[in-house]
Amino acid sequence: NQGKMYNFEQGQSIFSGEFDTLVVNTQFNTDNLQTKKFYEYWNDLNENPQRAREFVIYTTIALFPLASTLFALCFGLVTYRYEKGYVYLGMFGVIAIYFGLLSSFSQPPILACLGIFSLSLFVSAYCFKKMILSRY
């Protein structure tokens, strides 16, 4: 045996090991490492279905807070004090429908993102007008 190693763990226990040859790798093996610039990564958006799906999912999830703000006002504190009805059903329904749409549609990707976001924003504005503005 040419060397020993020790590892001190959380419970004050010591792990001891022995080795014949110690090899410390300090350089990457660049044979399989392919780096791309971000625009090269997203360049095949229309040809690669997996990339299109990722784009739609990431973009529409990022836009979800903006698309659901009026839904939050409809189902949130404003109506919760006066109507004890279907608050949770409405909130979870909006989330389920939004995420169902973004997982179902990915082609064409930019049109899918704009369509899902626009539809959600329009429906939330309609619900806000019907549930809040017509009463208060």
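Of all residues in segment 92-136, those satisfying the criterion of being surrounded by 13 or more Cβ atoms within 10 Å (Cβ to Cβ) and either touching a His at 6+ places or on another chain (Cβ under 9 Å) or more than 21 Å from Ile57 (Cβ to Cβ) (or both) are Ala125, Cys127, Phe128, Met131, Ile132.
Selection over segment 78-133 of residues that are modelled with pLDDT under 80 and within 30 Å of Asn43 (Cα to Cα) gives a count of 1. Inspect segment 34-55 for any residue being out of contact with any Leu (no Cβ under 9 Å at 6 or more places or on another chain) and either within 30 Å of Gln2 (Cβ to Cβ) or at pLDDT 90 or above (or both) and give the result as yes or no. No.
Any chance segment 112-121 includes a residue that's in contact (Cβ under 8 Å) with a residue 40 or more places away in the chain, of a type in the set (A, V, I, L, M, F, W, C) and more than 15 Å from Leu66 (Cβ to Cβ)? For segment 112-121, residues in contact (Cβ under 8 Å) with a residue 40 or more places away in the chain, of a type in the set (A, V, I, L, M, F, W, C) and more than 15 Å from Leu66 (Cβ to Cβ): present.
The values are calculated or read from the model by the stated rules, or taken from the named source; none is laboratory data. Not measured: the values here are computed from a predicted model. Methodologically, a virtual Cβ is constructed for each residue, glycine included, from the backbone with ideal geometry; neighbour enumeration extends over all protein chains shown.
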